Every structure is written in structure tokens, then in C-alpha cells.
1. Between ALA181, ALA100, which is at pLDDT 90 or above, small (Gly, Ala, Ser) and surrounded by fewer than 19 Cβ atoms within 10 Å (Cβ to Cβ)?
2. Which one is nearest to GLY197 (Cα to Cα) among residues in the stretch 65-95 that are modelled with pLDDT of 90 or more and open to solvent by 60 Å² or more (accessible area, probe 1.4 Å)?
3. Quick check on my filter: what residues within the stretch 310-339 are open to solvent by less than 20 Å² (accessible area, probe 1.4 Å) and closer than 20 Å to ARG153 by Cα?
4. I'd like to check something: does the stretch 366-382 contain any residue that is closer than 21 Å to PHE298 by Cβ and open to solvent by less than 30 Å² (accessible area, probe 1.4 Å)?
5. Find the residue count for the stretch 24-41, including only residues that are surrounded by 24 or more Cβ atoms within 10 Å (Cβ to Cβ) and more than 19 Å from PHE54 (Cβ to Cβ).
6. Would you call THR201 among the polar types (S, T, N, Q), open to solvent by 20 Å² or more (accessible area, probe 1.4 Å) and at pLDDT below 85?
Amino acid sequence: MTRSPSGRRSLRPLAGVLAATGLSLTGTRISVIALPWFVLVTTGSASQTGLVAFCELGPYVLVKAFIGPLVDRSGPRIVSWSTDLVSATAAVTIPALHAADLLSFWLLLLLVAVIGAARAPGDLAKQVMVPEAADLGSVRLERATGLSGVMERLAFTLGPAAGGTLVALLGPMTALVANAACFAMGSLVIALVVPRGVGRTAEARDPDAEGPGYWRRLGEGMRFLRNDPLLLTITAMIAVTNLLDTAFSSVLVPVWAKESGNGPAAIGLTGTAWGLSAIVASFTAAAVAHRLNRRVVFFAGFVLAGAPRFLILALDVPLWTVVAVFIVSGFGAGFLNPILGAVIYERIPRELLGRVTGLGTSMAWLGMPLGGLVAGAAVASVGLVPSLAVAGAAYFLTTNLTGLRPEWRQMDRRRAEERDLPDEQIPQRSDTAPT
């Protein structure tokens with residue numbers, strides 16, 4: 001197990017990685033409300049709103065597919081703080097140009113694409129640092145991924161709440177300034193709190209090491225992913241649900257808020273309700289996930305987290321009913337990422353973590369750039385209610401039919417004797433071989 005230079009347990013690296021993750025994701029969730037609402041109210045076009053989401057997520061997916069070998073080679077710490085700084089600069093440029101009356105729609109798309117391209121290596125780098133940061137603090141991997149899930153859900157709560165409030169009171173450009181501030185603070189936390197070398201392989205720590213070239217590294221990641229049936233199945237299922245989630249958050253929810261008359265504050269309220277419930281579930285996962293049947297909890301979580309959100313917006317019901325459904329949905333969603341994170345970190349060797357995770361995530365996000373475009377076209381063609389109903393049905397069928405495949409049994413394959421050991425007595429995985 002990796003230790004701090006003094007050989008003593010240190011929770012500081014894990015706290016730093018989790019804090020930076022929370023800050024950057026909070027900024028992202030603020031912009032998820034601010035940018036679509038800005039485009040929707042200034043253009044009145046659902047299609048153009050979807051195009052903005054495409055221009056951020058397209059570069060994100062493309063860069064993440066190919067950046068893994070560089071993250072493994074250069075080290076995730078420097079990649080994280082430097083790319084967060086780029087994201088902050090691009091984000092603050094949007095309101096600055098708007099204030100000067102220089103922000104055209106095409107320039108907005110360009111800046112959004114820069115943010116997406118910079119977010120990809122930043123998000124990946126933070127993921128790569130989690131296992132070693134957990135080792136440094138002698139924290140069980142499932143507990144670390146549970147805490148990471150808490151930070152993600154906390155961001156998904158504070159971000160929509162802050163975004164909806166700022167947009168309603170001060171306008172979307174002020175919300176984008178807050179987005180830039182979150183990225184800047186995340187960059188500072190990584191640079192000042194996380195020790196140098198965290199997450200870097202032995203080869204990356206040796207500047208004179210002559211490791212394999214870029215394309216060979218990328219090929220190693222592809223081969224590993226291709227030969228792991230469980231990871232491939234997870235990736236395929238999440239690709240569909242991510243497309244539907246993006247359609248939901250970037251177009252369907254803003255259009256629902258506008259057409260229902262509830263306004264941007266309702267986006268923040270539903271997002272906050274969903275996020276608070278997900279935080280409770282993530283804390284629960286951090287405490288007891290190692291004792292639960294992963295497969296059962298995972299698919300039960302998807303039943304709650306998926307279709308109900310879409311279907312309730314298709315009904316003419318009071319806002320409090322919508323909020324209640326989002327609370328139930330958020331509780332189911334809170335268990336998903338901690339379980340996925342533990343499975344991924346257990347199955348992928350540390351020296352391949354950046355490239356395999358980058359490739360897998362980019363494949364899982366492949367449909368996300370299309371989510372906003374498809375939703376915008378669907379709403380323009382058939383209206384909001386049919387679009388919500390079809391998307392909800394597709395979500396339900398995807399998660400339930402995929403769950404019938406046999407490789408999911410591998411999700412619970414772990415050493416039974418470790419379930420009841422204290423954290424400090426758990427045998428740690430080496431840096432060169434999967435569990």
C-alpha cells in the first residue's frame with residue numbers, strides 16, 4: 001500500500017481530490033442551467049439550445065478518448081490543475097464578451113467547446129488520483145468511491161440550486177462567473193493540497209524511463225477494455241442512459257420549466273431535491289456498500305433513478321409532486337456511481353487506469369453530445385410530452401433488458417473475507433496487477 005513520505009496515514013490527498021472534484025462539478029452543474037436558459041430565452045430555439053450542449057460534450061468525449069495515455073505519462077495532478085484553469089478562463093470570457101456586446105452565437109459555441117475539451121482531462125485526472133489517495137489514507141476503496149459519490153451528488157445539489165437562484169435573480173452571465181470561480185478554486189486546491197506524484201505510475205515518476213509510445217499505450221488500454229466483458233457491458237448500457245440524461249437536463253427540463261410557467265427556479269428546486277436525496281444515498285453507500293449485493297442495489301437504483309423523472313414531467317401535476325418523484329429518483333441514483341467506481345478501480349491495473357478509464361468513459365459518453373440535439377429536434381417535431389414519454393420508456397427498457405446479461409454476475413466477485421475487516425487490515429491491491 002502506498003504511504004505518505006513519512007510512512008504515516010494521511011487523509012489530506014483524498015480530501016483534496018474530493019474537494020476539487022466537488023468544486024469543478026458544481027461549476028459544471030451551474031453552467032448546465034445557465035447556458036441552456038441563456039440560449040433559450042435569447043433565441044427561443046430548442047434546437048440551438050441542443051447545439052450548445054453538443055458543442056461542449058462533443059469535444060469532451062473526443063478528448064477524453066485520447067488523453068488517457070498522456071494522463072498516465074504526465075501524471076494526473078498537473079493535468080487536473082492546469083486544465084481546470086483553462087476551463088475557468090474560457091468560462092469567464094463568455095460574460096466578459098457579452099458585457100462588451102461582442103458575444104456572437106458562433107463565438108459562444110467556440111468557447112463552450114474549449115470548456116468541454118479542457119474538462120475532459122481534468123475530470124479524468126481526478127478519477128485517476130482516487131485509488132492512491134485512498135491508499136494514503138488507509139481508506140477502503142468502496143468507502144472512497146462512496147465519498148466521491150457524495151461529492152458528486154453534493155455538486156449536483158448545490159450546482160442546480162446556485163445556478164437556478166443566480167439565473168433567476170442576477171441572470172445567466174452572473175452564473176457563468178460563478179462557474180469560472182468554481183473551476184479556479186478546484187485548480188488551486190489540487191495545486192496546493194495534493195502532493196506531487198499522487199496517481200503517477202513508477203514509469204511516470206522516472207523522467208529517464210523510456211516507456212512505450214503514445215499509440216502503443218492507447219492500444220494497451222483498448223485491448224484491456226475489449227477483453228473485459230463486464231466493463232464493455234457497463235459501458236454500452238451507460239452510453240444509452242447518458243444520452244437520455246443529457247437530453248433530459250439540457251433540453252427537456254428547461255423546456256418543461258418554460259412551458260409550465262415554473263421558470264428557472266423550478267429547475268434549481270427539482271435539482272436540489274434530487275441531489276439532497278442522492279447525497280443521503282451516497283453516504284449510505286460509503287458506510288455499507290461493501291456489505292451489499294452490488295448487482296441488486298445497482299439495478300434497483302436504476303429503476304428509481306431513470307424513467308420516473310421523465311414520466312412525471314409528462315403529466316400535468318403540481319410542482320410538489322414533481323419534487324417528490326425527484327427525491328425518490330435521487331435516492332436510487334446515489335448508489336450508482338459508488339458501485340461503478342469500486343468495480344472499475346478493482347478491475348483495472350493502476351498503470352492502465354488513465355487510458356482504460358478515459359476510453360471507457362468516452363465510449364459511455366459517446367451519445368451525450370447527441371442528447372441535446374435529439375431532444376431539441378424531438379420537441380420541435382412532436383412536442384414536449386411525447387418526447388418525455390418515449391425517452392422514459394427507452395430508459396426503462398435499456399436498464400432492465402441489459403441487466404439480463406450473464407456478465408453482471410462478475411460485479412459481486414470480490415473476496416468475501418474482506419467484507420468485515422477494518423479498513424486498515426484490508427489487503428491492498430498492488431500498483432501493477434488487478435484484484
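The values are calculated or read from the model by the stated rules, or taken from the named source; none is laboratory data. Please read these numbers as outputs of a predicted model, since none were measured by experiment. Positions of Cβ are generated from backbone atoms using ideal geometry, with glycine treated the same way; all protein chains shown enter the neighbour counts. Please note that ligands, DNA and RNA were not included when accessible areas were found on the heavy atoms of the full protein model with its side chains. Shrake-Rupley method; radii C 1.70, N 1.55, O 1.52, S 1.80 Å.
1. ALA181
2. So the residue we want is LEU85.
3. Result: PHE310, VAL322, PHE326, SER329, GLY330, GLY332, ALA333, GLY334, LEU336, PRO338, ILE339.
4. Checked against the condition, which is being closer than 21 Å to PHE298 by Cβ and open to solvent by less than 30 Å² (accessible area, probe 1.4 Å), the stretch 366-382 yields at least one hit.
5. 4
6. In short, yes.
Results for (1) of a type outside the set (A, V, I, L, M, F, W, C); (2) under 20 Å from GLY186 (Cα atoms), shown as yes or no for each residue.
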| position | (1), (2) |
| --- | --- |
| LEU124 | no, yes |
| GLN127 | yes, yes |
| ALA133 | no, yes |
| ARG153 | yes, yes |
| LEU158 | no, yes |
| ALA161 | no, yes |
| THR165 | yes, no |
| ALA168 | no, no |
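To keep it simple, each residue is scored yes or no on (1) out of contact with any Gly (no Cβ under 7 Å at 6 or more places or on another chain); (2) modelled with pLDDT of 85 or more; (3) aliphatic (A, V, I, L, M).
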residue	(1), (2), (3)
VAL297	yes, no, yes
GLY301	no, yes, no
ALA305	no, yes, yes
LEU315	yes, yes, yes
TRP320	yes, yes, no
VAL343	yes, no, yes
PRO349	yes, no, no
ALA375	no, yes, yes
VAL382	yes, yes, yes
